[in-house]
Amino acid sequence: MNSLILLFVSAGYLCLLFVIADIAERRSRTGRSLVNNPYIYSLSLAVYCTAWTFYGSVGRAAEHGVQFLTVYIGPTLTAPLWWIILRKIIRICKQQRITNIADFISARYGKSRGLGVFVTVLCLVGIIPYISIQIKAISGSLSLLSGSPDAYDRSFFLTDPAFYTTLLLGIFTILFGTRTLEATERHEGMVTAIAFESLVKLVAFVALGVFVTFGLFDGPASIFSKAIQLPALKEQLTFGPGHTTGDWFWNCLMSMAAVLFLPRQFQVAVVENVDERHLDRAIWLFPLYLFVINLFVLPLAFGGHILLADLPIHADSYVLMLPVQYGQKGLALLAYIGGFSAATGMIIVETIALSVMVSNNVVMPLVIGRPSWQSRVGTGSFVINTRRITILVFLLMAYVYYRAVSHHFSLVSVGLISFAAVAQFLPAVIGGLFWKGGNLPGARLGLWAGSLVWFYTLVLPTLVPALLPAELLTDGPLGIGWLRPQNLFGLNTLEPIAHGMFWSLLANLIGYLWGSANWPQSSIEYNQAILFVDIFKLSRALDNSVVWRGKVLIADLRSLLTTFFGPERANRAILRYAPDESSGQKSLYADAQLVTYTERVLAGAIGTASARTLVASVAKEEPILVDEMIRILKSSQELILVNKELKRKSAELERTTRQLSEANERLKAADMHKDDFLSTVTHEIRTPITSIRALTEIVHDTPDMDPDARQHFLGTVIKESERLTRLINQVLDLERIESGRYQLSTERLYLPELVTEAVDVVGPLATEKAIPIRVANHTEPSDSVWGDRDRLMEVIVNLLSNAIKYSDRAAGPITITTHTDAGALVLTVQDKGIGIDLAHQELIFEKFYQTHAVRQTEKGSSRSAKSGRVLKSSGLGLAITRRIIHLHRGTITLESKLGEGSCFTVRLPLAPEGAVAYEKQ
Ligand code: ADP
């Protein structure tokens, strides 16, 4: 294919991106954002897949088999963790207007400038080579397709198409990355274009995979069965020697870090995020994308190996060479575009992210730190121009690196070394997110230690054939064996990348923990630590809290805002926070909210550290009140606590009120019972008195009365007086028990004896009602209790007579049993009578209580059972019974069902055996 055509196609493709980006940008300005949806967000995350994926995965698979997968397994495994980690990072960045990973780390550790610079430099060193391999991929694919391999590598740069492609990319990036100075640093156009590119590379790769698998072979099975016959490939299909679990682990861990911390990933995942909720979908969409794009890697790698083994080409080129060799020009072009989009996507986002990083963390702090420079250059256009220049400079650096160095390496190794570089952010970032104790000295120490080891174990070896002697790797520096960069301290079970990851992260982590443990934390660091770790708890409080106690002229703030964002936006901000400006009564000084706001928007444009310096420079600042801040945070936390306490108290109050009203209800009920009782008692007393009086009057007035009749009348008078006496005695008993004046005269008692006596007493009543009584005794004569004979007798009689009284005529038998159970003597009285409604079961033990239904039956029976005076009810029987049982330290319980009968159970403690002396008491 003619290289000129290819260049045109590439330029055309870039123009298409430009149009897409432009449309998106326009729509975002009219409020119909394209980016505000989870699909675009997930696709933009796929900027993770670079030319390295597109060409390099196949190359790596052909050389090392399935190990290429670690780069995708890592992110897939961590995706669910994004809900915890990424969401937190996004929230923090939105809150603090953080726009890149360097700023993130610097802000967490006390807005330290030095740390920001360090992270930026590490990113640059790690990533410029990575950009250069994208250029290499573009240039390589150009030369392959135009049929002149190697020609471009050696050509003068002005005749090198890769040079022009790089320039074009630079222009494109500048156009879309640095249009205006945005406080949020979001680029909707760019994100849409990147999402589009992700689609293109996916479609291209899958199309190619389908062509090779089903066009050149008969499906995946045929490729694999052929591959397994080649000894070189057979090994790749297994986890054979060289791929230890350790290798897998470290490679996965590394890519987990990369997918979050590579500057371009941070840019699309955090900075460009419009809505946290997009994460919900991205958590599975992004892994799905990785899965699909990897589906055909092995078939392509093996297919390429089988079909193109004779050609003098690297496995990285299989993707392009397969369609070329089989005359599929269209497909070859599609493959080229796919690879081109993978490369350009990476270059565009990565350079923008790096340029923001450099301008916000290196250039601006430098400029703003010098008041004399500041007045000259401290404007918005300066910031933008800085970024434009850095973008061009990085691209040129990458190009130079590509021309000078990168032909020594394959795509994969350089990419992995970059990954390992950003993995160094792991301890500082993860520690910073979840551990308030992590501090600046720790972060600094960890990062230094980690990056030094990274450089020593991973970067130095790449310089070996070209710049350093081979003995460095084989014998170690100065012949010191245990310092060999790829076998540090004699570790030789891991392949070089995993080996480097292991030592660098170990050094890094130790440094981080040791530094954090041994140096104190400054108060601003402590503040930031709280703001980061507790972000979810503080989110709301922070929006309203303001940490400022200085004096700033509104005019100064206005001019600051104007220089960076132009007069219109400056005005809007001022009006929002200082509304008095527009009305007559101007206040000269800005209030705290305006100051905080200004600092925050500036932070978005020039980095947190610079924004602080800048605002501080126009303010007569009383030292930033760290204590104040902590106080505000604390008070917001306290508020939450107080709130909780209030809720708890009101719940308690509610409960108490409920209890009170329940008690009140009970009282009312008891009161009613008392009234009932009084009328009952009055009635009960009046009835015998009336009849006594009537009968004695008759006897008195009739001296010549028949002696039999007189005898009968006087007998009735005696019974009525007995009844009166009993009623009065009951009331008195109750009163004495309740006032605690009641004395038991206790002795050792064998309860079954009492039962027999009681049955004798109530026997006639039972016979009269034709109710049999059964007694069952399961105790030994030694099972005795201490008790008052008369009182206990009264109890049993009362229970028995109730059982008879509340059973219908000829109802089932009444059963009395006695047995022992767990140190107690248990007496049960069971009847087949009318039973007691559940609602009354507790109440019947109250004094004066009679169930309504009973009173009805009583009325009916009182006339018929004249002789059954014992049965006459007062509602006091059970009340007294229970009190007597309690006096004996026993319990009485009831089980009953309306219409089926009742069973009263009395438990009395057994008397200790042979306590004769005690008996005398
Ligand atoms: P009373 O002198 O009215 O029998 P008690 O205190 O002995 O008074 O009993 C209170 C109430 O409990 C009775 O009015 C009756 O409604 C109910 N009761 C007691 N024992 C029984 C029982 N075995 N079966 C059904 N109801 C009973």
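Would you say VAL400 is at pLDDT 80 or above, of a type in the set (Val, Ile, Thr) and closer than 18 Å to GLN265 by Cβ?
Spelling it out, it is not the case that VAL400 is at pLDDT 80 or above, of a type in the set (Val, Ile, Thr) and closer than 18 Å to GLN265 by Cβ.
Taking region 284-317, which residues are touching a Pro at 6+ places or on another chain (Cβ under 9 Å) and over 22 Å from TYR72 (Cα atoms)?
The answer is PRO312, ILE313.
Considering only residues that are under 20 Å from GLN424 (Cβ atoms), open to solvent by less than 10 Å² (accessible area, probe 1.4 Å) and touching a Lys or Arg at 6+ places or on another chain (Cβ under 9 Å), which ones fall in region 113-144?
If the condition is that a residue be under 20 Å from GLN424 (Cβ atoms), open to solvent by less than 10 Å² (accessible area, probe 1.4 Å) and touching a Lys or Arg at 6+ places or on another chain (Cβ under 9 Å), then LEU115, ILE127 are the ones that fit.
I need a count of the residues in region 680-692 that are aliphatic (A, V, I, L, M) and open to solvent by 70 Å² or more (accessible area, probe 1.4 Å).
1
When region 820-843 is examined, which residues are found to be away from the ligand (no atom under 16 Å from the Cβ) and either open to solvent by less than 30 Å² (accessible area, probe 1.4 Å) or outside any strand (DSSP E or B) (or both)?
Across region 820-843, the qualifying residues are ALA822, GLY823, ALA824, LEU825, VAL826.
Tell me whether region 856-870 contains one or more residues that are within 9 Å of the ligand (Cβ to nearest atom), closer than 20 Å to GLN730 by Cα and either at pLDDT below 90 or in the same structural domain as ILE771 (by TED's automatic domain parsing) (or both).
Yes, region 856-870 contains a residue that is within 9 Å of the ligand (Cβ to nearest atom), closer than 20 Å to GLN730 by Cα and either at pLDDT below 90 or in the same structural domain as ILE771 (by TED's automatic domain parsing) (or both).
Report every pair of residues separated by at least 6 positions or lying on different chains whose Cβ atoms are under 6 Å apart, first residue within region 781-806 and within 18 Å of THR891 (Cβ to Cβ), second near the ligand (Cβ under 8 Å from one of its atoms) and at pLDDT below 90.
Sorted first by the residue in region 781-806, then by its partner, the pairs are ASN798/GLY877.
Please go through region 486-505 and give me each residue that is of a type in the set (Gly, Ala, Ser) and open to solvent by 20 Å² or more (accessible area, probe 1.4 Å), ordered by number. Walk me through it before giving the result.
Restricting attention to region 486-505, the residues satisfying the condition of being of a type in the set (Gly, Ala, Ser) are 490, 498, 500, 504.
Scanning region 486-505 gives a single hit, GLY490.
Give the residues of region 730-778 that are in contact (Cβ under 8 Å) with a residue 40 or more places away in the chain and among the hydroxyl-bearing types (Ser, Thr, Tyr), sorted by residue number.
TYR742, SER745, THR746
Residue check: is LEU799 away from the ligand (no atom under 12 Å from the Cβ) and not acidic (Asp, Glu)?
No: the conditions fail for LEU799.
For region 218-227, check the following and say yes or no: at least one residue is surrounded by fewer than 18 Cβ atoms within 10 Å (Cβ to Cβ), in the same structural domain as PHE382 (by TED's automatic domain parsing), modelled with pLDDT of 85 or more and under 23 Å from TYR72 (Cα atoms).
no
Those residues that are farther than 25 Å from THR682 by Cβ and open to solvent by 100 Å² or more (accessible area, probe 1.4 Å), I need them from region 693-724; list them, please.
HIS700, ASP701, PRO703, ASP704, ASP708, GLN711, HIS712
Considering region 755-782 alone, what residues qualify as being away from the ligand (no atom under 15 Å from the Cβ) and within 24 Å of ARG883 (Cβ to Cβ)?
Correct list: VAL755, GLU757, VAL759, VAL761.
Kindly indicate whether ALA811 is open to solvent by 60 Å² or more (accessible area, probe 1.4 Å), more than 9 Å from the ligand (Cβ to nearest atom) and more than 30 Å from GLU735 (Cα to Cα).
Here the answer is no, as ALA811 does not meet what is asked.
So ALA663 fits all but one of (1) open to solvent by less than 70 Å² (accessible area, probe 1.4 Å); (2) modelled with pLDDT under 85; what number is the exception?
The failed condition is (2).
For the condition modelled with pLDDT under 80 and open to solvent by less than 20 Å² (accessible area, probe 1.4 Å), what is the one hit in VAL422, VAL405, VAL377, VAL414?
Step by step, each of VAL422, VAL405, VAL377, VAL414 is checked, and only VAL414 is modelled with pLDDT under 80 and open to solvent by less than 20 Å² (accessible area, probe 1.4 Å).
The values are calculated or read from the model by the stated rules, or taken from the named source; none is laboratory data. Keep in mind the model is a prediction, meaning the values are calculated, not measured. Quick reminder, even Gly has a Cβ in these numbers, built from the backbone with ideal geometry, and neighbours come from all protein chains shown. Quick note on the areas: whole protein, heavy atoms, side chains included, nothing else; ligands and nucleic acids left out. Shrake-Rupley method; radii C 1.70, N 1.55, O 1.52, S 1.80 Å.
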